[in-house]
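These notes concern the structure reproduced below.
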Amino acid sequence: MNSNLIVSHDRAICLVGGSRILESAFSAAKLFADVFVAVDSGADFLLARDLLPMAVVGDFDSLSDAARHRFGDRLYHISEQSTTDFEKALSRVAAPCVIALGFTGGRLDHLLAVLGTMVRQPVPPVLLVDQDDASFVAQPGETVLDLARETRISVMPVTQCRAVSLSGVVWSFADQAMSLDTFTSPSNAALGGRVTLTTTDPVLVTLPRAQLADAVKAVSRAG
């Protein structure tokens, strides 16, 4: 049992970060998550909408005084600097999956750190959502999606991948080694119907945000 656990829920949890969040993305996330955990200044996004998080986690270097006052009974200050605020929060929640908003669109190094955490910590699975995309790390094994014809799907390596196969798409491939400096598969497209991904190592799958429900199903099956 995780002694650091702060929030446990039997449905998806929404982690709210401090980068820009469009209302349309937030509305999409709320269809699947009814519990919110704010990550540092993400608390101000919830404060502005009069929403109460179950917890506010982070080192609080960017948390407003107003949020500190309003959410004072649910602040979990973690001062160590060996992990990011995203990792601090993710390691302290338990749920079937986590929908993460407000972690893209800012500094590139922050986004890369988020992706690194998603690879290192596969449980709970994370759906990284913004105004355009819904992304998740597909773990070794098989991931199955049911996608409409011409739905955009990207498969990108996040580590050295020994063998990756993708079928049900316009540009299919089998047992392909993947790395950022060799072979990648951005902006592929579904033929319509079953799309099957098989991989020996973690890869990042990105779909249009409109396909968030398909992404949730995929990580739920995998779990």
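Annotations
- Within the range 95-115, restricting attention to residues that are buried (at least 21 other Cβ atoms within 10 Å of the Cβ) and not hydrophobic (A, V, I, L, M, F, W, C), the residue that is farthest from residue 19 (Cα to Cα) is 104.
- Verdict on residue 146 being surrounded by fewer than 17 Cβ atoms within 10 Å (Cβ to Cβ), of a type in the set (D, E, K, R) and more than 20 Å from the chain's Cα centre (by Cα): no
- For the range 109-147, the set of residues classified as more than 18 Å from residue 97 (Cβ to Cβ) and among the aliphatic types (A, V, I, L, M) consists of 111, 112, 113, 147, listed by residue number.
- Selection count where residues are within 19 Å of residue 11 (Cα to Cα) and outside any strand (DSSP E or B), scope the range 36-90: 6
- None of 85, 40 is under 27 Å from residue 218 (Cα atoms) and in contact with a strand residue (DSSP E or B) (Cβ under 6 Å, 6 or more places away or on another chain) except 85.
- Test: residue in the range 118-135 that is more than 11 Å from the chain's Cα centre (by Cα), of a type outside the set (Asp, Glu), at pLDDT 95 or above and not in a strand (DSSP E or B): no
- Which numbered condition residue 144 fails, given (1) touching a helix residue (DSSP H, G or I) at 6+ places or on another chain (Cβ under 8 Å); (2) assigned by TED's automatic domain parsing to the domain that holds residue 11: (2)
- Every test in (1) out of contact with any strand residue (DSSP E or B) (no Cβ under 8 Å at 6 or more places or on another chain); (2) touching a residue at least 12 places away in the same chain (Cβ under 8 Å) is passed by residue 136 save one, and that test is (1).
- Here the condition is being farther than 27 Å from residue 31 by Cβ, in contact (Cβ under 8 Å) with a residue 40 or more places away in the chain and under 20 Å from the mean Cα position of the chain (by Cα); of 151, 199, it holds for 199 alone.
- Test: residue in the range 181-195 that is among the β-branched types (Val, Ile, Thr), without any contact (Cβ under 8 Å) to a residue 60 or more places away in the chain and more than 24 Å from residue 28 (Cα to Cα): yes
Yes or no, residue by residue, for (1) within 17 Å of residue 105 (Cβ to Cβ); (2) in contact with an Asp or Glu (Cβ under 7 Å, 6 or more places away or on another chain); (3) surrounded by 19 or more Cβ atoms within 10 Å (Cβ to Cβ):
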{"residue": "8", "(1), (2), (3)": "no, no, no"}
{"residue": "12", "(1), (2), (3)": "no, no, yes"}
{"residue": "17", "(1), (2), (3)": "yes, no, yes"}
{"residue": "29", "(1), (2), (3)": "yes, no, yes"}
{"residue": "33", "(1), (2), (3)": "no, no, yes"}
{"residue": "38", "(1), (2), (3)": "no, no, yes"}
{"residue": "43", "(1), (2), (3)": "no, no, yes"}
{"residue": "48", "(1), (2), (3)": "no, no, no"}
{"residue": "53", "(1), (2), (3)": "no, no, yes"}
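Conditions tested, residue by residue: (1) under 22 Å from the mean Cα position of the chain (by Cα); (2) β-branched (Val, Ile, Thr).
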residue: 5; (1), (2): yes, no
residue: 13; (1), (2): yes, yes
residue: 19; (1), (2): yes, no
residue: 26; (1), (2): yes, no
residue: 40; (1), (2): yes, no
residue: 45; (1), (2): yes, no
residue: 48; (1), (2): no, no
residue: 56; (1), (2): yes, yes
residue: 69; (1), (2): no, no
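- Tally, over the range 82-110, of residues that are charged (D, E, K, R) and either assigned by TED's automatic domain parsing to the domain that holds residue 206 or in contact (Cβ under 8 Å) with a residue 60 or more places away in the chain (or both): 2
- Residues in the range 154-165 that are within 28 Å of residue 25 (Cα to Cα) and not in a loop (DSSP other than H, G, I, E, B): 154, 155, 156, 157.
The values are calculated or read from the model by the stated rules, or taken from the named source; none is laboratory data. Here the structure is a predicted model, which is why all the values come from computation and not from measurement. Positions of Cβ are backbone-derived with ideal geometry, glycine not excepted, and every protein chain shown enters the neighbour counts.
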